[in-house]
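The structure under discussion appears below in the form of C-alpha cells.
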Amino acid sequence: MRIDFDASAPVATLTLCRSPMNAIDDAMLDALAGALEAVTAHAAITVLHLRSNQRVFCAGADLRMVAERVGSAAGAAAMAETVCRFHRVYDTLAALPVVTIAEINGAALGGGLELALACDLRIAGHASKLGLPEARVGLLPGAGGTQRLTRLCGPGVAARLILTGEAVDGREAERIGLVQWAAPDGEVADLAAGIATRAAGLSAEAVRTAKQCIGIAARLDPAGVRAEVEGITALMLEASTRQRVTDFLRK
C-alpha cells in the first residue's frame, strides 16, 4: 500500500505509507491524485491532513526510477513527463478548496518537501530534516521547489537551501518561515491534529474565499515551471548526473 486515505469529514487524513522512505514514483503519484480527487468529491471535507506512517515524511522522488532513465533521450523524456505529473498533482493539492496541513516527522527532502510546500500549513518535529538536495545528484528541485520555496521564504533562503544542498531541522525551518510551527517530535501529531480541528471549526466558505485570495498573491509564474521541467530534461542527459545518481544509490 502506498497511500491510506480516510475521508471522514470534516477532517480527511492522507497517510503516506510506502516503505521504507515514501519514495515517490509514478504509481504513488497516481495514488495521490486519486486521493485528491476524492477530497474534491466530498463537499463536507474542509481540512486535509497529510502525514506519514514511515520513519520519514517523504524522501522525495524514487532515485531508482531516476537511475533507470538517466543518460538517454527516451529516459529524459520519460522523466520530463513524470516531472509534469508532479506539477499537476502538486498544483491540484495547492488549489484544493480546503485547508491543507503537512505533518512532518523525520525527513522531508526533495519532492517530499515540495509536497509539503504545496500545502497551506506545515508543522515539523524539532529533529526533522527539511531540504532540497537535488544538486547532489546532478538535478534540481523540479516539482515546484525553486518556485514555491522562493515565493514562501524569499530568494535568499531558496539560494541557501538549493544551491548548497543544506537540510535544516524543524527549529531552523520555523525560524526561516519554511514551516509555521515546530515542536518536539513526540508532540507533532497532536499539534497537527489540534490545528486541523481548529481550522475545521472556522467558516468553510470564509476559509475557501480567503485561500483563493492568498493563492492569487502566491500564484506561480508559468515561465518558472517550464524552466524546472526543461532543466530536469537537460540534466538527465548529463554524464555527471548519471554518475552522481549511481554513486548515491551505492551508498
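General observations
- Any hit, the range 105-114, residues being part of a loop (DSSP other than H, G, I, E, B) and under 21 Å from Gly34 (Cα atoms): no
- Checking the stated criteria, Cys58 turns out to be open to solvent by less than 20 Å² (accessible area, probe 1.4 Å) and free of Cβ contacts under 8 Å to residues at least 60 places away in the same chain.
- In the set (1) part of a helix (DSSP H, G or I); (2) open to solvent by less than 10 Å² (accessible area, probe 1.4 Å), Leu130 fails one condition alone, (1).
- Residue check, Gly215 under 17 Å from Val47 (Cα atoms), of a type outside the set (A, V, I, L, M) and free of Cβ contacts under 8 Å to residues at least 24 places away in the same chain: no
- In the range 143-196, residue nearest to Ala61 (Cα to Cα) [restricted to those that are among the acidic types (Asp, Glu) and touching a strand residue (DSSP E or B) at 6+ places or on another chain (Cβ under 7 Å)]: Glu166
- Selection within the range 189-223 - open to solvent by less than 50 Å² (accessible area, probe 1.4 Å), in a helix (DSSP H, G or I) and at pLDDT below 90: Gly215
- Meeting the requirement of 1 or more residues that are in contact with a Pro (Cβ under 9 Å, 6 or more places away or on another chain) and either modelled with pLDDT of 95 or more or farther than 27 Å from Gly138 by Cβ (or both), the helices (runs of 4 or more DSSP H) wholly within the range 22-103 are 26-41.
The values are calculated or read from the model by the stated rules, or taken from the named source; none is laboratory data. Keep in mind it's a predicted model, so treat the numbers as computed, not measured. Cβ atoms come from the backbone with ideal geometry, glycine included; neighbour counts cover every protein chain shown. With ligands, DNA and RNA removed, areas are computed over all heavy atoms of the protein, side chains included. Shrake-Rupley method; radii C 1.70, N 1.55, O 1.52, S 1.80 Å.
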